[in-house]
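The values are calculated or read from the model by the stated rules, or taken from the named source; none is laboratory data. As the structure is a prediction and not an experimental result, all values here were calculated from the model. Cβ: placed from backbone, ideal geometry, glycine included. Neighbour counts: every protein chain shown. Note: accessible area is taken over every heavy atom of the protein model, side chains too, but ligands, DNA and RNA are not part of it. Shrake-Rupley method; radii C 1.70, N 1.55, O 1.52, S 1.80 Å.
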Amino acid sequence: MRRTAVWVAALIAIVFAGDRVMAVLLDGALLRSQFRFSRVYRGGNDAAIVIMGDSRGVHSFYAPAIEQLTGQRVLNLSYNSMSSRIGEAVLADYVDRNPPPRIVLIEITHLIVASDLATELRTYAHHSARLRALYAETHPRAARLGEVFRLLAYNSEFFFRAMVYLRRSDQDWINRSTITSELLATPAGDWQLAIRPESLDALERTIRTLRVRGITVRLLIAPYQAPGHITNIPEVMRTVTKRVRLPVLNYISAGGPVENFADRVHMNQRGAERFMRRLAADGVFEPH
Amino acid sequence: MLFHSFAFLVFLPAFMTFYWATTGRARLWVMLLGSLVFYAWWDWRFLFLLLFSSLVDYSIGIVMENEGDPLRRHRLVVMSVVVNLGLLGFFKYFNFFVASAAQMFTALGLHPSYNALRIVLPVGISFYVFKTMSYTIDVYRRTEQAERDLLKFTTFVVFFPELVAGPIVRASRLLPQLQHDHPFDYQRTLSGLTLVMSGYVRKVVIADTLAPLVDVRFAHPEAHSALSLLIGVYFYAFQIYCDFSGYSSIAIGVARILGFDFGINFDRPYFSRSFSEFWSRWHISLSSWLRDYLYIPLGGNRGGALATARNLMLTMTLGGLWHGASWTFVAWGVLHGVYLMLQRLLAPLNRRLRIPSVVLILLVFHLTCLGWIFFRSQSFAQAWSILRRIGEMRDMSFAGVEQKLLVLKASMLVAVLLLFEAIGFVPKRATVAEVSPARRLAFTAACLWTLLLFGTFSGNSFIYFQF
């Protein structure tokens, strides 16, 4: 039994040592990646336009198209299920580590999203006190376990994506499919955007943080395929504007034909490129 | 409690502390009480059913051994089978048979009304019922002596590593091992730990990573392309394999640490070149049980081609039904029965053609995957939908596959698994017992790092718990 105890002790020591060493190596690779969040925490970005939102931010704003139209560098920091609270932490970290952009565009329908994505952003948590705090708040037990086993931080879709985008930019990540006839045939029922109170608080703080640094903030609602079925858009716009004292630009019906959409909620590349031309023509990408 | 739950991580060391601190009958009591605590964690009410089943077969075993009259012995074994299958039939199949009968009457134009009972399926009932039935049948056949020590017999039935999801360890293997203490053994402990770790990797890293990719495709096949669905089917083949073989590894590894040999339950089944080989490598404890207690008593392959075909079909159909109260499970069993029959029929042709092993392996794998579609589907409609969409091959481009990154990650994990298993076919210079502690240390550490880096800690239950 003594030999087994020695073996187990050796196992524990090796596992912990390996955990620390591998975490350092993986972190090095993580920060070398061209994945959007690696770029935030590596620093040195000179983007003039930064975009924030959830999956609708990912697929409505096509960074290569904006760069071609405006001649300015663009960084889209949107991600699927990105909540306003997480967006607040990421944008604040961005301006702490990078030259401030001229404009930040925020797609406000992500105010309905909960902060489940915090579990993915634990990959960057040791680079950000804000993300660390958010993760500890939403997943306290996992956060404590992550202090013991550093490798857990790299057990995430974010890390895997960072490795996929190690050498190439992820800014051309966008839907390229078109909404199917089966989905179009399914009746689109009426529904409402349910803004989370904590998301509105986070948006207010975000705007304050950005404005203090002289950054122009634009709030907008990107197109939906069946906009008429969202019944509380005017109310949402009023609520947000009243709270943050900024107008919300309503592009909910600017999507054009169904071929511009991948599904009822997300545009595709063709639709996003058309939408970017519309925004450029409207001067949305220029700070006034 | 699940093997990958916090409760089990607390239970196991506590159990082992008492286990190694005791000897003789005290140790047997520790095994019995620990196993009952393990089982009661699910639902303490079914302890009575488990103990009742044990007591019935314990009593019948002794009475049968003392009974000289063949007719009375026969009646006793029939009683055991009736009680065991009656319990299984009621808890597992009552609503299924009632609903099926109602559907049949409805199809005939009658409209019977019936109330489905809210019957909770006791965890592990399919496993421990088969285990105790095999005991009484072996005593009847006089290939096994009746165990007269109630403590030893009950411990044999309820021993926790294999109680809820197998392997089905027969009396001939386990009862002799319960007759004496097993001293602590360093090599055996390390070997067991290695098995446990590899089981956790299979379950938490591979099976649980594949699970959400499979679930979303089977839930809404109409929303996925042909390639996406095909990927879902392949992934299910590996999900169920890793889930079940992972559980078996953990069970066998824990038992090995405690000094018990449970044999093996899976032996790289997807490298099989025929279906008879597949069934000698997949869920070995169940397939051998069906062979010894159903197929051979029916006559096996001794009665000519037609009788063999009948026996194969009956055995595999009932094997399918064992898995669950659904016609899709029956269809899966029937399909494997057909495969085995066709294999027999085509054996002379196969010998003449000398088809390369790799072609046979791929063929067997794909036909197995066809069966898994029915096994996994909630209904025939769902299964047909998947088959139809795959068959139409409307969109076979990778661009049409959802969750590409996760699919990529899952594919890499499956590729690594297959590589490890293929390497396993290379003749080893060292036997399992001769693998050095240093190599085991490296392997176990690698397993733990793999769990940390790739494990999915979603708390998914084991697939075979539902059986």
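Sort through B:PHE375, B:PHE443 and tell me the only one that's at pLDDT 80 or above, over 16 Å from B:LEU210 (Cα atoms), within 23 Å of the chain's Cα centre (by Cα) and more than 10 Å from chain A (Cβ to nearest Cβ).
Details: B:PHE443 fails: within 23 Å of the chain's Cα centre (by Cα).
When all the criteria are applied, what remains is B:PHE375.
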All-but-one check, A:ALA114 against (1) more than 14 Å from every other protein chain (Cβ to nearest Cβ); (2) open to solvent by less than 20 Å² (accessible area, probe 1.4 Å); (3) of a type outside the set (D, E, K, R); (4) under 30 Å from B:GLU222 (Cα atoms), failing number (2)
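Condition (residue is of a type outside the set (Val, Ile, Thr), open to solvent by 20 Å² or more (accessible area, probe 1.4 Å), touching a strand residue (DSSP E or B) at 6+ places or on another chain (Cβ under 6 Å) and at pLDDT 95 or above) applied to the range A:19-34: is it met by at least one residue? Give the steps one after another, and end with the answer.
Residues of the range A:19-34 of a type outside the set (Val, Ile, Thr): A:19-20, A:22-23, A:25-34.
Among the residues that remain, those that are also open to solvent by 20 Å² or more (accessible area, probe 1.4 Å) are: A:20, A:22, A:25-28, A:31-32, A:34.
Filter once more, so that each one left must be touching a strand residue (DSSP E or B) at 6+ places or on another chain (Cβ under 6 Å): none.
No, there is no match, as no residue in the range A:19-34 is of a type outside the set (Val, Ile, Thr), open to solvent by 20 Å² or more (accessible area, probe 1.4 Å), touching a strand residue (DSSP E or B) at 6+ places or on another chain (Cβ under 6 Å) and at pLDDT 95 or above.
If we keep just the residues of the range B:329-349 that are of a type in the set (Val, Ile, Thr) and modelled with pLDDT of 95 or more, which is farthest from B:ALA381 (Cα to Cα)?
Across the range B:329-349, the extreme among qualifying residues is B:VAL338.
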Name, by its number, the condition in (1) open to solvent by less than 10 Å² (accessible area, probe 1.4 Å); (2) over 29 Å from B:PHE380 (Cβ atoms); (3) hydroxyl-bearing (Ser, Thr, Tyr) that does not hold for B:SER285. (1)
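Please determine, by comparing only the residues of the range A:171-203 that are among the hydroxyl-bearing types (Ser, Thr, Tyr) and within 14 Å of another protein chain (Cβ to nearest Cβ), which one is farthest from B:SER225 (Cα to Cα). Show your work before the answer.
Step one: of the range A:171-203, the residues among the hydroxyl-bearing types (Ser, Thr, Tyr) are A:177-178, A:180-181, A:186, A:199.
Still in the list and also within 14 Å of another protein chain (Cβ to nearest Cβ): A:177-178, A:180-181, A:186.
Numbers: A:SER177: 12, A:THR178: 13, A:THR180: 11, A:SER181: 14, A:THR186: 18 Å.
Among residues in the range A:171-203 that are among the hydroxyl-bearing types (Ser, Thr, Tyr) and within 14 Å of another protein chain (Cβ to nearest Cβ), the one farthest from B:SER225 (Cα to Cα) is A:THR186.
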Note on B:TRP20: of the conditions (1) in contact with a helix residue (DSSP H, G or I) (Cβ under 6 Å, 6 or more places away or on another chain); (2) within 14 Å of chain A (Cβ to nearest Cβ), unmet is (1)
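Could you tell me whether any residue of the range B:177-188 is in a helix (DSSP H, G or I), at pLDDT 95 or above and more than 17 Å from B:LEU448 (Cα to Cα)?
We begin by selecting, within the range B:177-188, every residue in a helix (DSSP H, G or I); these are B:177, B:186-188.
Now drop any that are not at pLDDT 95 or above, which leaves B:177.
Then drop every residue that is not more than 17 Å from B:LEU448 (Cα to Cα), which leaves B:177.
Yes, the range B:177-188 has at least one match.
For residues that are open to solvent by 50 Å² or more (accessible area, probe 1.4 Å) and among the polar types (S, T, N, Q), tally how many sit in the range A:220-240. Explain how you work it out, then say what you get.
As a first pass, look at the range A:220-240 and keep what is open to solvent by 50 Å² or more (accessible area, probe 1.4 Å): A:228-229, A:231, A:234-235, A:238-239.
When the remaining residues are screened for being among the polar types (S, T, N, Q), the result is A:231, A:239.
So the count comes out to 2.
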Just wondering, is there one or more residues in the range A:148-170 that are exposed (fewer than 14 other Cβ atoms within 10 Å of the Cβ), among the charged types (D, E, K, R), closer than 30 Å to A:ARG73 by Cα and at the interface with chain B (Cβ under 8 Å from one of its Cβ atoms)? no
Please return the ranges of helices (runs of 4 or more DSSP H) entirely within the range A:46-116 where 1 or more residues are under 11 Å from the mean Cα position of the chain (by Cα) and not polar (S, T, N, Q). A:55-60, A:84-97
Per-region count, the range B:170-204, residues away from every other protein chain (no Cβ under 14 Å), open to solvent by less than 40 Å² (accessible area, probe 1.4 Å) and farther than 30 Å from B:TYR293 by Cα: 2
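Picking from A:ARG144, A:ARG132, which residue would you name as being more than 14 Å from chain B (Cβ to nearest Cβ), among the basic types (Lys, Arg) and open to solvent by 50 Å² or more (accessible area, probe 1.4 Å)? Talk me through it step by step, then tell me what you get.
Values: A:ARG144 fails: more than 14 Å from chain B (Cβ to nearest Cβ).
Going through A:ARG144, A:ARG132 in turn, just one is more than 14 Å from chain B (Cβ to nearest Cβ), among the basic types (Lys, Arg) and open to solvent by 50 Å² or more (accessible area, probe 1.4 Å): A:ARG132.
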Does B:ASP57 qualify as being acidic (Asp, Glu) and either in contact with a strand residue (DSSP E or B) (Cβ under 8 Å, 6 or more places away or on another chain) or farther than 29 Å from B:ASP181 by Cβ (or both)? no
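Which of the helices (runs of 4 or more DSSP H) found entirely inside the range B:340-432 contain at least 1 residues meeting this: aromatic (Phe, Trp, Tyr) and closer than 30 Å to A:VAL164 by Cα? Steps first, please.
On the way: elements: B:357-376, B:380-392, B:404-423.
In the range B:340-432, B:404-423 are the helices (runs of 4 or more DSSP H) which contain 1 or more residues that are aromatic (Phe, Trp, Tyr) and closer than 30 Å to A:VAL164 by Cα.
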